[in-house]
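What follows is one structure encoded as structure tokens, with my remarks underneath.
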Amino acid sequence: MIKSILSKSLVLLFGMTLFYACQKGKMKEIIFPSTDLSSENLIPKPLKIIPTHNAFGLDHTTAIYTSQTDKSFEEVGSFLADKIKSKTNLRLAVNKTDAGQVNRMIFINQSDSEELEGPEAYQLYISKDSIILNAKTSEGAFRGVQTLRQLIPETSNDTLAEMPLWPIATGKILDKPNFEYRGSMLDVARHFFSVDDVKKYIDLLAYYKINALHLHLTDDQGWRIEIKSWPKLTEVGGSTEVGGEAGGFFTQEDYKDIVAYAQQRYMIIIPEIDMPGHTNAASVSYPILNGNGKTPKLYEGTAVGFSTFDTRKDTVYAFIDDVVREISAITPGPYFHIGGDESHVTKKNDYIFFVNKVEKIVQKYGKRMIGWDEVAQADIDNSSIAQFWDSEKNAIEASRKGMKVIISPAKKAYLDMQYDTLSKHGLHWAAYIPVDTAYVWSPESYAGIPKENILGVEAPLWSETISNIDELEYLAFPRVIGYSELSWSTEENRNWENFKVRLANQAPYMDRMNVKFYPSKLIDWKESRFTYKTIQKD
Ligand code: ACM
């Protein structure tokens, strides 16, 4: 069955090429000056690029076809058509047999080629007449679509073609990720961000092949996710934020909306409920949870380490069971993050007792536990994951226990660290992180953890100093684009001088997306993309 559908697709493909050949005599051929696929401004840098120095002309006579074996390939095709529409205003048909005159085609093909290693691998074959994107899964096809989007020039070449045309350099791209987990984190607890803000961030991250968004949903200053069985968490605990503004929270419907939006972009959401410390907002809502011996009050400051759950009370675990159950039920991704950082007022044996118990609750609801690196001190299962942010000792201990580690060292990967002393937002307790420092390091060797124990890289964005999307973008962009390359591209393919040029060329995209990025002076930002000059012959 699959073979017969696939061969039908190939018949279609050859049919299209022949059709184009028949039409050719009547068409004016457009000759592009040397186009070089290997010098395109792709981020993250693909594994292998083989240029053939010609161009595919994307125009209104281009149509998109996809394998019909798996409906999700057609959805990826429609996603590409939507993005081409917003970039070029061309409305390309997807899997239409009556698409009018079709001169060139983009074919998104489900392939069982042995060369495609892993679900996210893809191959892109670009010739003058056709673009073939091969992937085993629609996830791989989606990653390849991001590469293709980046290859479409920001401006058309209108000089010689009768209709606007966007030349795409020809050649072959063979690609797959270096790490399976490529993430960013957004702290919606210190300051709350709206569903639309989160969606915009997801959209931008997906363009750079980031596949995980970790939401820090709770902290001392706010509880930001509706829990139906404990309603005061959001009624009381969600009512304020750092600086005393109104706060806010996601209803479960809002959260599902974010999850679905991310899922359409092949990105998972990792919910974090930070505990046993960082729990003041929960304890204000339900004082029975509190374990620091003080009467909890709403907190609008930025100190850390003063709160804890009472780790020896059954009610606390009944509460956590409800929270993990409700959130896990609306989280399709495999992970649940329990925080576990900076529990400075929890006794060490209570902390270990707590993490051991909560790990079992997370597993009961079918999720793999992630915790900040401190959790490695507990008697933890090797299926759980440690997120290295501070202590190399903890990270190495996690790896020794057979756990996978997510690499997020504050000194290198924290998006809330200031660029320099003049930065408008951010903190600098770990470091100043200019754009080059953010990029020039190796997650593979940073903490001495064997590569096979590294799940991936995540760049967290804490929100003590930012309260709206413009400020979020100022800290995240352009650095998060570098983290996408640190997690997708191999070490051999990463090079600051080369990256710097490709990064400079992201400005037109960011401008079009209205991203208020930090215009670092280390980068020679491009005003607009290079436009092709073409000559036409009869
Ligand atoms: C952290 O920055 N406290 C994980």
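List the strands (runs of 3 or more DSSP E) that sit entirely inside region 80-174 and contain at least 2 residues that are under 26 Å from N505 (Cα atoms). Give the derivation first.
Numbers: elements: 104-110, 122-126, 130-135.
Ranges flagged: 122-126, 130-135.
Given (1) buried (at least 20 other Cβ atoms within 10 Å of the Cβ); (2) within 16 Å of the ligand (Cβ to nearest atom); (3) over 32 Å from the mean Cα position of the chain (by Cα), where does L289 come up short, assuming only one miss?
(2)
Sort out which residues of region 167-206 are among the polar types (S, T, N, Q) and either surrounded by fewer than 22 Cβ atoms within 10 Å (Cβ to Cβ) or in contact with a Leu (Cβ under 7 Å, 6 or more places away or on another chain) (or both), and write them in order of number.
T170, S184, S194
Select from region 459-472 the residues that are within 11 Å of the ligand (Cβ to nearest atom) and either open to solvent by 30 Å² or more (accessible area, probe 1.4 Å) or among the acidic types (D, E) (or both) and list them in ascending order.
E464
Hey, any hits in region 99-110 for a residue that's closer than 24 Å to I202 by Cα and crowded, with 23+ Cβ neighbours inside 10 Å? Let's see the steps before the verdict.
Let us first name the residues in region 99-110 that are closer than 24 Å to I202 by Cα, namely 108.
Of the ones still in play, those that are also crowded, with 23+ Cβ neighbours inside 10 Å are 108.
Yes, region 99-110 contains at least one residue that is closer than 24 Å to I202 by Cα and crowded, with 23+ Cβ neighbours inside 10 Å.
From the list R149, R143, which one is crowded, with 21+ Cβ neighbours inside 10 Å and charged (D, E, K, R)? Spell out how you get there, then give the answer.
Details: R149 fails: crowded, with 21+ Cβ neighbours inside 10 Å.
Matching residue, one of R149, R143: R143.
Going by the structure shown, is Q68 touching a Ser or Thr at 6+ places or on another chain (Cβ under 6 Å), surrounded by fewer than 21 Cβ atoms within 10 Å (Cβ to Cβ) and in a loop (DSSP other than H, G, I, E, B)?
Details: touching a Ser or Thr at 6+ places or on another chain (Cβ under 6 Å): no; surrounded by fewer than 21 Cβ atoms within 10 Å (Cβ to Cβ): yes; in a loop (DSSP other than H, G, I, E, B): yes.
Taking the combined requirement at face value, the residue does not satisfy it.
Determine which member of the set V405, V440 is touching a residue at least 24 places away in the same chain (Cβ under 8 Å), crowded, with 23+ Cβ neighbours inside 10 Å and closer than 23 Å to N493 by Cα.
Details: V440 fails: crowded, with 23+ Cβ neighbours inside 10 Å.
Result: V405 is the single residue among V405, V440 that is touching a residue at least 24 places away in the same chain (Cβ under 8 Å), crowded, with 23+ Cβ neighbours inside 10 Å and closer than 23 Å to N493 by Cα.
Out of A135, A121, I need the residue that is closer than 23 Å to S489 by Cβ, in contact with a strand residue (DSSP E or B) (Cβ under 6 Å, 6 or more places away or on another chain) and open to solvent by less than 10 Å² (accessible area, probe 1.4 Å). Which one?
Details: A121 fails: in contact with a strand residue (DSSP E or B) (Cβ under 6 Å, 6 or more places away or on another chain).
Exactly one of A135, A121 is closer than 23 Å to S489 by Cβ, in contact with a strand residue (DSSP E or B) (Cβ under 6 Å, 6 or more places away or on another chain) and open to solvent by less than 10 Å² (accessible area, probe 1.4 Å), namely A135.
Filter region 376-394 for residues that are over 12 Å from L455 (Cβ atoms) and either under 24 Å from the mean Cα position of the chain (by Cα) or within 11 Å of the ligand (Cβ to nearest atom) (or both); which is most open to solvent (accessible area, probe 1.4 Å)?
D390
Specify the residue that is farthest from the ligand (Cβ to nearest atom); the eligible residues are those in region 245-286 that are open to solvent by less than 20 Å² (accessible area, probe 1.4 Å) and of a type in the set (S, T, N, Q).
Q252
So K424 passes all but one of these: (1) more than 16 Å from the ligand (Cβ to nearest atom); (2) touching a helix residue (DSSP H, G or I) at 6+ places or on another chain (Cβ under 6 Å); (3) under 30 Å from D220 (Cα atoms). Which condition number does it fail?
Failing condition for K424: (2).
All but one of (1) hydrophobic (A, V, I, L, M, F, W, C); (2) over 24 Å from E392 (Cβ atoms); (3) open to solvent by 50 Å² or more (accessible area, probe 1.4 Å) hold for V304; which doesn't?
Exception for V304: condition (2).
For region 473-497, how many residues meet the condition of being part of a helix (DSSP H, G or I), of a type in the set (K, R) and open to solvent by 10 Å² or more (accessible area, probe 1.4 Å)? Working first, answer last.
Quick first cut of region 473-497, residues part of a helix (DSSP H, G or I) only: 473-476, 479-488, 491-493, 496-497.
Imposing the further condition that a residue be of a type in the set (K, R) reduces the set to 479.
Filter again for open to solvent by 10 Å² or more (accessible area, probe 1.4 Å), leaving none.
Number satisfying all stated conditions: 0.
I'd like the residue in region 401-415 that is farther than 11 Å from A459 by Cβ and out of contact with any Ser or Thr (no Cβ under 6 Å at 6 or more places or on another chain) and, out of all such residues, is nearest to the ligand (Cβ to nearest atom).
In this case the residue turns out to be K411.
Can we say D59 is acidic (D, E) and closer than 15 Å to W166 by Cβ?
yes
The values are calculated or read from the model by the stated rules, or taken from the named source; none is laboratory data. The structure displayed is predicted, hence computed values, not measured ones. When we count neighbours, we look across all protein chains shown, and the Cβ atoms used for this are built from the backbone with ideal geometry, even at glycine. Areas reflect the complete protein model, heavy atoms only, side chains present, ligands, DNA and RNA absent. Shrake-Rupley method; radii C 1.70, N 1.55, O 1.52, S 1.80 Å.
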